[in-house]
1. Among the residues of the range 297-309, is any within 28 Å of ALA145 (Cα to Cα), assigned to a loop (DSSP other than H, G, I, E, B) and either of a type in the set (Val, Ile, Thr) or modelled with pLDDT of 85 or more (or both)?
2. Within the range 223-265, track down each residue that is within 17 Å of SER139 (Cα to Cα), of a type in the set (A, V, I, L, M) and not in a helix (DSSP H, G or I).
3. Can you go through GLY126, GLY91 and tell me which one is closer than 30 Å to ARG250 by Cβ, modelled with pLDDT of 70 or more, open to solvent by less than 30 Å² (accessible area, probe 1.4 Å) and of a type in the set (Gly, Ala, Ser)?
4. Could you count how many residues in the range 548-572 are modelled with pLDDT under 80 and polar (S, T, N, Q)?
5. So which of GLY260, GLY229, GLY287 is surrounded by 22 or more Cβ atoms within 10 Å (Cβ to Cβ) and small (Gly, Ala, Ser)?
6. What's the number of the only condition in (1) open to solvent by less than 20 Å² (accessible area, probe 1.4 Å); (2) without any contact (Cβ under 8 Å) to a residue 60 or more places away in the chain; (3) among the aliphatic types (A, V, I, L, M) that LEU53 fails to meet?
7. From the set of residues in the range 414-425 that are of a type in the set (A, V, I, L, M, F, W, C) and modelled with pLDDT of 80 or more, which is farthest from GLY70 (Cα to Cα)?
8. If ILE272 passes every condition in (1) open to solvent by 20 Å² or more (accessible area, probe 1.4 Å); (2) without any contact (Cβ under 8 Å) to a residue 40 or more places away in the chain but one, which one does it miss?
Amino acid sequence: MKILSYLLVYRRFLLIVLTPLLLLPLPLIIKTKEAECAYTLFVVAIFWLTEALPLAVSALLPAFMFPLFGIMGSKQVASAYFKDFHLLLIGVICLATSIEKWNLHKRVALKMVMLVGVNPAWLMLGFMVSCAFLSMWLSNTSAAAMVMPIVEAVAQQIIRAEAEADELELSCSNGSINPALELDENIGEYDNPDWKEKEKQANGKSKKDKYSGIFKVMCLCVAYSATIGGLTTITGTSTNLIFTEHFNSRYPDCQCINFGSWFILSIPITVIILLLSWVWLQWLFLGFDFKNMFKCGKKKTAREEASSRVILQEYKKLGPISYPETVTLVLFILMTVLWFSRDPGFIPGWSSLFPKYKGYITDSTAALVIGLLFFIIPAKTLSRTSNGENTVFGYMPLITWKEFQSCMPWEIAILVGGGFALADGCEVSKLSEWVASKLTPLGSLPLWLIILISCLIVTSVTEVASNPATITIFLPILSPLAEAIHVNPLFILIPATLCTSFAFLLPVANPANAIVFSYGHLNIMDMVKAGLGINIIGVAVVMLAIMTWIVPIFDLYTYPSWAPNIPSTNGTGL
């Protein structure tokens, strides 16, 4: 037992020491650049999957392993750790910092919930839509952390109102005496104390299940909608950002993945998954009653009155919209407009105003322009006193550098840099070409089956590993696979990227899951049972999308000129 306890305590240390030693024969025996790069890739991947070291620390391993193996020079590796992705991330975090600082997120969430109404089903949909909308622009973790306290307060009020209504109903039923019951021939059965005790226990159990179901469905709707909403935009989740940078780096002549094109392909996916998840959670925990949901002019129940009261009180606490909130909202809209109008495709965008520098301007350019304004625009306006003089105040911008630093996810920034370094190493060492040659036989399978297998694999792995680590590991594998079977790389990379975000089963699979699980209303089986259904829904919707409306957006059935032309025997029928 002592040995076992020591192993459990030092399992991370053993993993860190044994993993490089056990894999060491690979470069020592084969002695090729491909084997040395594969050794580095395997060591980093195992550390990422097991989190033996912090993700950012493991991401730094290629910075010294590639120079030691002679794959890439130190300066060449270092340049991979800071790219266009990081500039885009900086601009987005400036916006997110200001939104959080001035409580604009809370105002948006509460306003959306007030618009959809307080019927339990519609209330849940309101929280899901507001949380999904926030996660489109903020991190999924931040969106869940912002909305969850509001949901908790509303759920508590719902339970309190329902308990009071049940007590009132019970007291009324006990106070009403029907003399006709004395003539019932089965009266002795109802007078039996054992029967009364059983009825009391059954009623208590059903009420407890009903109340716990409300808490469960409210918690899960926040966790899942935060993840689903992040699919919609390139900046919504780190996996989308990693995919965009990897794709644009590997295929620089394409430049077809931008904010606008990604939004067009993903918004129908997000809406469909969100609505089906809403139906699934309702049916699983509360029952889905169409009749009551769509009945017009119905009097509000005690639960709905309590919910409406709490939401209104929370909204009144915010007061009238302030100057910093207004400026933040204007800059947010401006950033979104600049992203959409940069190069929409069907009409010339504002980037065409610089014809001599085609391809120089990216989404990160617009993000940085707006992001810098948050450090320049003052957070207060001049106000006049009664005698007409301006009051003097210390200059304070919308956000400070310290506030920005506290919100900046440096771990993700370094992790992504490590992924770019690994991708560059695979190219330089020819490991990508070797993998592509070995994957060529997969071309005999139907295309839809190849896509489905890749989606199921990444969906399974992302449940036990972080989403950024999963997508960083699989992108260098799936890209050469698409080239080897002579298929448009987007046909495989887009579904795999979307499915990497489907970490719904476990609390540890996703930070948003962990946040709602920490409130104590859920157990593991609740999340597994609900998450499994949403995983199936997500994969099914992504498969439907990639075989239908995404095809004409990128002309997926044509092998593009910007992809390497590798001779292969392709049996996919393309």
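1. no
2. LEU231, ILE234
3. Checking each option against the conditions leaves just GLY91.
4. Selection size over the range 548-572: 5.
5. From the options GLY260, GLY229, GLY287, the qualifying one is GLY229.
6. Here LEU53 meets the rest and fails (1).
7. That would be ILE414.
8. (2)
The values are calculated or read from the model by the stated rules, or taken from the named source; none is laboratory data. On a predicted model such as this, the values are computed, not experimentally measured, just so you know. Every residue, glycine as well, gets a Cβ built from its backbone with ideal geometry; the counts of neighbours run over all protein chains shown. Heads up: the accessible areas ignore ligands, DNA and RNA and are worked out on the full protein's heavy atoms, side chains in. Shrake-Rupley method; radii C 1.70, N 1.55, O 1.52, S 1.80 Å.
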